[in-house]
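The structure under discussion appears below in the form of structure tokens.
Computed from the coordinates by the stated procedures, all read-outs in this text should not be read as laboratory data. Fair warning: this is a prediction, and the values are worked out from it, not measured in the lab. Here Cβ is always computed from backbone atoms with ideal geometry, including for glycine, and neighbour counts include all displayed protein chains.
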Amino acid sequence: MIDVPPSTLAICAAVLLSAWSIASRFILRGKSDYLGAGTAMEISSMIFLFIGLIIFGSYLPGATADIPPVGWLIWFCATVLYTAFIFITYKANQTVEAGERSVVNLLQIPWALFLALAFLSEPLTPLKTAGALLIISGALACTYRPGLLRWKTDGVKLAAAAALLAGTATIFDKAAMGYFPPLLYALPLYIVPSLFGIAWLGKKSMPRITAAFRKHGAAIAFAGFTSLFSYVLFLLAMQRLPASETILLFNTNVVLTAFAGMLLLSEKEGWKQKIIGVILAFLGAALVLG
């Protein structure tokens, strides 16, 4: 088996996350039925996950035999956090541009650094502190428009809440990698949101999910694949790198997403602010890496 450096895994995960951001924004932009389309994307990811389990299933027998209660608690908490994160993100994607949301999502970095310090004893150096401040500045610069403070809009507030949920969940991811293989760990993180979405839709679940697949079938399949593959690569990197470094490398997706949003989705409003925000955020990430 080829030994891929964990930093390469994290960067590849970032590229795939950027692709997912663009695809989900394309599907959900201005769409009233975000729940139907969002659930369809989760079902798509779940299908790809089952395919992965069939292919790599020989690695899983007995994987949960010696997991202590704390491992199951970590798994449960991560599932709750990611379920809340994914549906809040889908709702935010109705009104928040892909590049804008990805920069707001960088707020998870200073939050995750704090949690890594508090619970994983990963040091918070002066460089990391300066980097975190630059990242916050980049998020503010990206979302500001003359005459309008975007932080007051519901979409950006939702994106910021999702960022904090994701930052918290990554700490659980790091802890869980000591107990679970990545594919098995990812299983409830995709099954539960799919079932939750179906339950929320109720009797109208089948027609609304079917309508989403009929309208954006290829894009939903692409979003499902990139979501799952990105997350599995992220977990593989997390097994071998400190949480703080993995999170930073993973969040370099902001550069790709901001520019891809301008090129592919014509999201050019405030492009100067976006560029400034991306530069500040990327400089902040570089500082944290030292």
| request: Step through the table entries Lys157/Lys203; Lys174/Lys272; Lys91/Lys203; Lys91/Lys204; Lys128/Lys274; Lys91/Lys274, compare each Cα-Cα distance with 25 Å, and write down the pairs that go over it. | output: Lys157/Lys203; Lys174/Lys272
| request: Provide the per-residue ³J(HN,Hα) series for the range 225-240, in order, calculated from phi with Karplus coefficients 6.51, -1.76, 1.60 and θ = phi - 60°, each as a whole number of Hz, with x at glycine and proline positions. | output: 5, 5, 4, 5, 5, 4, 5, 5, 5, 4, 5, 4, 5, 5, 4, 10
| query | If each of Ala211 and Leu120 carries a label point 7 Å out from its Cα toward its Cβ, how far apart are those two points in nm? | reply | 4.2
| query | Picking from Ile209, Ile191, Ile67, which is most flexible by a Gaussian network model of the chain using Cα springs under 10 Å? | reply | Ile67
| request: Calculate the spin-label point distance for Ala218 paired with Leu127, positioning each point 7 Å from the Cα along the beta-carbon direction, and give it in nanometres. | output: 4.5
| task | Return the sequence-ordered ³J(HN,Hα) values of the range 188-203 in whole Hz as given by the Karplus equation 6.51 cos²θ - 1.76 cosθ + 1.60 applied to θ = phi - 60°, using x for Gly and Pro. | result | x, 6, 10, 5, 4, x, 4, 5, 4, x, 5, 5, 5, 6, x, 5
| Rough spin-label spacing in nm, given labels placed 7 Å along Cα→Cβ, for Lys272 and Trp72 | 5.9
| note | Toy charge model, Lys and Arg Cβ at +1, Asp and Glu Cβ at -1: the chain dipole around Cα centroid in debye, rounded to 20, equals 980
